[in-house]
Amino acid sequence: GCSGFDLRWRSMPAGRKVAAIEFLSRSSGIIGMKTAPMKSFSVLLLFLSIAISVSTLEARAAVGSNHPISVTEANIFVTRTRAIVRIQLFAEDLMLFHDLEPNENDIISAEDLRRGLQLHTNFLLEKVTLRNSAGELIQGSQTDLQPFEVPETGIPTSDLMLHSATYQFEFPFAEPPEFLTLQQDISDANFVFPSEMKLAIHQSGSELTYTDSLKAGSTVTLRFDWENLPLADNATEEEWNKWFEKQREATLGITSYSSVYSFIYIEPAEIRHEVLIPLASLKTILPMQHKDPAFIEVAEQEAVRTLIRDWLKDANPTTINGSKVAPIFSSIDFYGIDLKDFAARADARRVSMANGRVGIIMTYRASDDSVRDATVSWDKFHSSIRKIQSVVFAYPDKLDRHEFSRFSTPEENVYRWSCPAEFLPRPAKPVEAEIAPKPTLSIPVLTFILIPAAVGVWYGGRSRASGRIGVILMLAGLGCIPFARWTIPHPWKSPPEIAENSARDIFEELHNGTYRALDFGTDERIYDVLENTVDGPLLETLFLQLREGLAMRDQGGAVARVRTIEHLATEPIPRGTGVIDWPGFRIRSEWTVAGTVEHWGHVHERRNQFAALFSVEPRNGKWKITSMEIEDQKQLSAKTSLRKF
């Protein structure tokens, strides 16, 4: 870069060098550097500014007056109470935007130039705007004007690029701003003349300067943290890393306000593609209708949702297990710049076209057991969306990145994923009901008949023959003991109960299986899997109770994916009369469930504790949970964290 600048400078005509020096002497005072010692990074920034400015002069000269372009430089100094904006421009802008006509000698008169300088004040206040976090205009006023010297003979149009003026404006704040959005619309009524603004924004109290280049109609939004100001330029890399991590946490990872964000979640039962698009970008793609050019009102937002659905419903082919799947638009929400957590459903309100964003969640559901392999593509590009950098989170714990680009081949614009067989969700296996038999009493029926008869004959008869008959009956009764027996429940022995340890193991295996069933796609499939652990008539009730316990209402009612289940206490209840038939058993359990919902790169975790009374009974040779009575439930913790990517 240095050698390139040196060559350009040495080959530049003398007149151009004079103009460049004049131009740079006015523009090099980057806000905040006039009163501060010149740091090493400031010197580098100044040198880069010189190189850029010389390049700008050469480009303008190369373009020539037949193809004019407006190039301005804006230095903005932001304090807690105001923004000071200094805009430097070439005299040619006055001719471009205020219909200054040259005379027959191709000279703009001094009178017209002075008139243009005055007209340009209101022009800049209209075309260069600052908005607060709600998208509302901050009213500014001119505080200074450093005009170029206007010869009484006027200036030839070929020399307009050798003269520059600097306007200064102030925009007051009622309170220190967290966000500011700058928009530049420097153009003529018919948008014939393109424009470019070289931008430098400096925050009071810091030593960093944000630089950018804005085309006409473009916006830039910056966040200002007045409690944790940027570090000095001599801070260590470790200190800078900590500072940037704090900023990332404060904004929950959404750090750019003009970028398109894309998050792809591949869950066991579905794929979600979440796309966050600035409204200013979307406006260039879709014919959005709104009365106020600066805002979309609540009543106008549903029509925009319809445009978005029509735009994306047949685009971006996605497959699950080899079959193409159509998207379900789970949500299309409008967000202001001050909302950081896009997973929380925003209240309906008007949003700013300058800094508002729309969050689109497209869900693709697996039609069978689970998502075993998938392809996700993106084929909707535009001049305002040339590339999309996607972050992919796939179960069990895979983090990946993929770039979709209008400059890539269709094959390259497809993300492919498959799950190793050992990580696929598996339904809980049925638990065999191995039950010890009830104690019984086997009664020899003939013996019970013959022996009493023998005793009766023996003692009732008085003859010797009666005695012999009694003996015969007695011997016959004794001989029939092994035969003709009648088995009955044992009258004084209780059935054997399931051992407490076995009861706990049976219950906890069944209980864990009920939660694992939520990993399987559709409600019908979940019911099928639940049948391995739950008795049929109670499937729907238990299903709804499980979902209720895992619902995160502040995340739009999304159901958390279960991460851990911990049984704190599981105690069998002594059998009570008429409560449950043997061999079924009752058990009281206390447990915690940790579940997470992930959206937009944020992990929302909830940890809940429950206490409930369960009935467990055999059904067709398998143990099943047949009832669940929630006795207590409470939330132990709720936190939001960022994925590291």
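The values are calculated or read from the model by the stated rules, or taken from the named source; none is laboratory data. All values reported here derive from a predicted model rather than from experimental measurement. Here the Cβ is made from the backbone with ideal geometry for all residues, glycine too, and neighbour counts use every protein chain on show. Accessible surface is based on the protein model in full, side chains and every heavy atom, while ligands, DNA and RNA are left aside. Shrake-Rupley method; radii C 1.70, N 1.55, O 1.52, S 1.80 Å.
Roll a 1.4 angstrom probe over the protein heavy atoms and tell me the percent of accessible area of segment 257-328 that is carbon or sulfur.
Solvent-exposed carbon and sulfur of segment 257-328 make up 56 percent of the total.
Provide the FRET efficiency to the nearest 0.05 for the Q168-E500 pair, computing r from the beta carbons and using R0 = 56 Å.
Efficiency for this residue pair is about 0.10.
Sort the following peptides by mean Cβ neighbour count (other Cβ atoms within 10 Å, averaged over residues), highest first: 408-415, 91-98.
Those peptides, ordered most packed to least, come out 91-98, 408-415.
Amide H to amide H under 5 Å from G217: which residues, 5+ apart in sequence or cross-chain, H placed 1.01 Å off N in plane?
Amide H neighbours of G217, under 5 Å, 5+ apart: Q184, D185, I186.
Would you mind putting 321-332, 265-276 in packing order, based on average other-beta-carbon counts within 10 Å, highest first?
265-276, 321-332
Can you give the FRET efficiency to the nearest 0.05 for D144 and E237, using r as the Cβ-Cβ distance and R₀ = 35 Å?
The computed FRET efficiency comes out at 0.30.
Please report the spacing between the Cα centers of segment 139-181 and segment 572-605 in Å, no decimals.
70 Å
Take the cross-link list K242/K639; K215/K387; K313/K387 and give me the ones stretching past 29 Å between alpha-carbons.
Check vs 29 Å cut-off fails for no pair.
If we sort 226-239, 369-382, 163-176 on the protection proxy, mean other Cβ atoms within 10 Å, highest first, what's the order?
Going by the mean number of other Cβ atoms within 10 Å, highest first, we get 369-382, 163-176, 226-239.
Charges only on Cβ, +1 for Lys and Arg, -1 for Asp and Glu: so what's the dipole of segment 269-360 about the Cα centre, in debye to the nearest 20?
Roughly 120 debye, rounded to the nearest 20.
According to a simple spin-label model (label point 7 Å from Cα along Cα-to-Cβ), what is the distance in nm between N105 and D581?
Taking the two extended label points, one gets 11.6 nm.
Starting from the Cα-Cα distance between T596 and E152, subtract it from 0.36 nm times their residue separation and give me the gain in nm to one decimal.
152.5 nm
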